[in-house]
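Notes follow once the structure below has been shown.
The values are calculated or read from the model by the stated rules, or taken from the named source; none is laboratory data. In this text, all values refer to a predicted model and were calculated from it rather than measured experimentally. Glycine also receives a Cβ, built like all others from the backbone with ideal geometry; neighbour counts cover every protein chain displayed. Heads up: the accessible areas ignore ligands, DNA and RNA and are worked out on the full protein's heavy atoms, side chains in. Shrake-Rupley method; radii C 1.70, N 1.55, O 1.52, S 1.80 Å.
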Amino acid sequence: MSSLVGGHSGPSNSARQGWPRGFWERHPAEVAADLIGWTVRVDGVGGRIVETEAYHHEDPASHSFSGPTPRNAVMFGPPAHVYVYRSYGIHWCMNFVCWSGAPGGAVLIRALEPTHGLEIMAERRGLANPQALCSGPGKLCQALAVTREHDGMALDHAPFAISPGPARGVVAGPRIGISKAVDTPWRFGEAGSRFWSRAFPRA
């Protein structure tokens, strides 16, 4: 994706992980678009990222907008870490911390195309349809058994494994499930995917 903001030098472990240098130390919207097609696994279970949303510290829809709290503290820590929160007191949601210029940015992982451990996911979710296993942030956390216990963990250490991969094109549109900055086009998806949480508006 073309640069939205100026970048910074990346974490020292970028090369070891196969991540482009400075990948996580950029604007969340850049990272969110570029994560499409990457694979994330938790204890070996996971799939290709096909839908994301970006949140920035100056974004009124972001948890970090009002500053650090015990809940969002990880967003103000180093990039390439996992921020997990409970949505509506029911579902866990997994985010990858990234930021440029100032801390407080993250990318919500909204949907995966399951590729690893489908039987385990089906057991955890109580259904077998691959398209329904990870088609939403709460669903994918249930399928990957992600909980608050994973909050603050580094993406370059077990149980996480995340690796770059190509996308079959990227589409963008407004974020969903929020009440502020609803027109900001920071929701990204793999073009033509059958695994989105919700369809994108037609251009």
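Remark: pairs (first residue in the range 82-103, among the aromatic types (Phe, Trp, Tyr); second residue surrounded by 14 or more Cβ atoms within 10 Å (Cβ to Cβ) and not in a strand (DSSP E or B); Cβ separation under 6 Å; 6+ apart in sequence or on different chains) = TYR83/VAL74; TYR83/MET75; TRP92/CYS141; TRP92/VAL146; TRP99/GLY105. Counted as qualifying within the range 1-102 are the strands (runs of 3 or more DSSP E) with 2 or more residues that are surrounded by fewer than 18 Cβ atoms within 10 Å (Cβ to Cβ) and either of a type in the set (D, E, K, R) or at pLDDT below 95 (or both), namely 82-87.
Tell me yes or no: at least one residue of the range 114-121 is more than 29 Å from PRO68 (Cα to Cα), in a helix (DSSP H, G or I) and open to solvent by less than 30 Å² (accessible area, probe 1.4 Å). The answer is yes; a qualifying residue exists. Hey, could you check the range 122-133 for residues that are in contact with a helix residue (DSSP H, G or I) (Cβ under 6 Å, 6 or more places away or on another chain) and among the aliphatic types (A, V, I, L, M) and say which is most open to solvent (accessible area, probe 1.4 Å)? Ranking the qualifying residues of the range 122-133, first place goes to ALA128. Condition (residue is of a type in the set (Phe, Trp, Tyr) and under 19 Å from ALA29 (Cα atoms)) applied to the range 175-191: is it met by at least one residue? Looking for residues that are of a type in the set (Phe, Trp, Tyr) and under 19 Å from ALA29 (Cα atoms), one finds at least one in the range 175-191, hence yes.
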